[in-house]
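Written below as structure tokens is the structure these notes are about.
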Amino acid sequence: MPVRPDLTDRYQNILKATIQHYIATAEPVGSKTLLKEYNFSLSSATIRNALGRLEKDGLLYQPHTSAGRIPSDWGYRTYVDCLLNPDEKIGQKIEQLFSQLKWESWSFEALVQLATQILANLSGYIALITMPQTSANCLRHLQIVPVSSKQIMLIIVTDSYQTQSVLMDTPGLSSEEGQEDEEEFAQELQILTNFLNSKLRGRSLSELSTLNWQEIDREFARYADFMKVLLKELSRRSQNSLSTPIMIHGVSEVLRQPEFSQLQQVQMLLHLLEEEQDRLLPIIFELPEPETISKRVSIKIGSENPLEPMRSCTLISAVYRQGDLPVGSVGIIGPTRMLYENTIPLVESAADYLSEALS
């Protein structure tokens, strides 16, 4: 993603008004509309020039030559990161609704089903909540075996004696210079295997990608980036290996949005939600990077989503926990033209409530 332009207050206000108007109407926005609806103390020509500058910076674009502007994915990202003021009242509203649930007399599954329905009704989008991963899926043993000068085989055994293996590239770790180097590389991998087993045995796989690797011994600093990738792969595969149901509500409502007018696009999204939840789960239940751990929600806008059926959507998600252990996730999927200021606190509050319920 290119570097965000240094926007003056004027450009920020015009960008914010353009995005908010498009979210509300789904209609391309022109200078006359902004002048009429937002009482800018500017001429129509000045606003038009500003829209042109925002388009040049990649924050807006014109769907047709004669049309007004609409936000790009990067425009939405700038809005979410820099210009958004979440509506705290909507978070308080869902907290009040949840507080009225006498869930102690129900199963947790029933609570998750009702929470998903409440989220969908309040947001108007697709709400998804994963059931908690009841198995901690802890690491019992791992082994790193060299396959070639550029690849290793990672083998893991969990506490339930499930075995998984994955072939991984090792850029920057190995040498291509002869048998002695290959033997040395194999010895180094064995040392690394022993080190990782001593540090990670008994830990839940789902927490491995959030470990603070700045505290790793200096002798293993060379392997830090590789281990980060390796452990993220471990965490991802552990999520895929568990059969974790996802509760889903609100599909019929969101499909009425104009963004979903194309039948093929709708079919792809429905197929993903109904038939390919194993692909969807790692994206919804994504643990934050250590450097972003303070961020309560993950927001993937349009092309930031790795799955094709979601490229016209925004996914907002947050993990919920049992104690300190992430066990499930709350998510909302809607068009990129989403009421972000409402949806973000909805997801945060729902995740907080489920964490409290489990604790």
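Tabulated results
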item: Residue check, Glu182 outside the structural domain of Gln277 (by TED's automatic domain parsing), surrounded by fewer than 13 Cβ atoms within 10 Å (Cβ to Cβ), farther than 19 Å from Met247 by Cβ and at pLDDT below 80; result: no
item: Count - residues of the stretch 98-121 that are modelled with pLDDT of 85 or more and under 15 Å from Glu348 (Cβ atoms); result: 3
item: Restricting the stretch 273-323 to residues that are charged (D, E, K, R) and modelled with pLDDT of 90 or more, the residue that is nearest to Tyr340 (Cα to Cα); result: Lys300
item: Residues (touching a strand residue (DSSP E or B) at 6+ places or on another chain (Cβ under 7 Å) and free of Cβ contacts under 8 Å to residues at least 60 places away in the same chain) located in the stretch 73-93; result: none
item: Qualifying residues in the stretch 62-81 (those that are farther than 16 Å from Glu304 by Cβ and surrounded by 12 or more Cβ atoms within 10 Å (Cβ to Cβ)) - the one modelled with the lowest pLDDT; result: Ala67
item: Residue within the stretch 27-43 that is under 17 Å from Val80 (Cα atoms) and of a type in the set (Val, Ile, Thr) present; result: no
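The values are calculated or read from the model by the stated rules, or taken from the named source; none is laboratory data. Treat the numbers as computed from the prediction; the structure is a model and nothing was measured. Every residue, glycine among them, receives a Cβ derived from its backbone with ideal geometry; neighbour counts consider all protein chains shown.
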